[in-house]
Amino acid sequence: MKLKEIIIIIGLAVPIAAFINTILYQTWYLPKMNMRFKEFESELKQEELIKQEKWLLKRTACLNAMNIADCILSNYNYENTKSNDILPTEITTEEVRKCFNELACSCDSTEVIDILKKILYDKVRPDIIVDLRNAVRRELEFGLTNFDKDRDKAFVGKIGADPRLKK
């Protein structure tokens, strides 16, 4: 084969190969890859939405647990505390049951529910609220360090601005 024939063959083969490659790439490979990418992206978004919804349920349950703990602790009598130093707060059995169910279904560890059970069934001091607050922080992944450390002023018994006290 002569050099001129080789150049002509190469000259024709390159554009034909490029044309075939472009057609295959544009009509078959690229759409297929775009479809896979969109499916993957959709799956990631769905997983993120589910994860966010689960976290919101957990947050609600944990905050309810702290409110329940406050209500329960406000109804106990403590040594070295006058009976009128803590304003009692009401809570219903149904609210506590609902909270326990939400905690059991949404939390990753048993720490929050264990402390809430202690508050409900054991003889405790009001500063146990510090332990519950820190357990909630860990459960919600707000940090592993104990944020609330002041056990002496941990529980708010009553405040002078409460309208129920101004009778």
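The values are calculated or read from the model by the stated rules, or taken from the named source; none is laboratory data. Because the structure is predicted, anything quoted here is derived from the model rather than measured. Neighbour counts run over all protein chains shown; Cβ positions are idealised from the backbone, glycine included.
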Exercise for the section: For residue 136, state whether it is in contact with a Lys or Arg (Cβ under 6 Å, 6 or more places away or on another chain) and part of a helix (DSSP H, G or I). Expected result: no
Fill in the blank from the handout: Note on segment 71-113: residues of a type outside the set (A, V, I, L, M), part of a helix (DSSP H, G or I) and either under 24 Å from residue 141 (Cα atoms) or in contact (Cβ under 8 Å) with a residue 24 or more places away in the chain (or both) are 95, 98, 99, 100, 101, 102, 105, 106, 111
Completion exercise
Out of (1) within 21 Å of the chain's Cα centre (by Cα); (2) over 13 Å from residue 59 (Cα atoms); (3) modelled with pLDDT of 95 or more, the one residue 94 does not meet is (1)
Completion exercise
Being within 30 Å of residue 152 (Cα to Cα), modelled with pLDDT of 90 or more and out of contact with any strand residue (DSSP E or B) (no Cβ under 7 Å at 6 or more places or on another chain) narrows 80, 84, 75, 64 down to just 64
Exercise for the section: Look at residue 61 and say whether it is assigned to a helix (DSSP H, G or I), touching an Asp or Glu at 6+ places or on another chain (Cβ under 9 Å) and hydrophobic (A, V, I, L, M, F, W, C). Expected result: yes
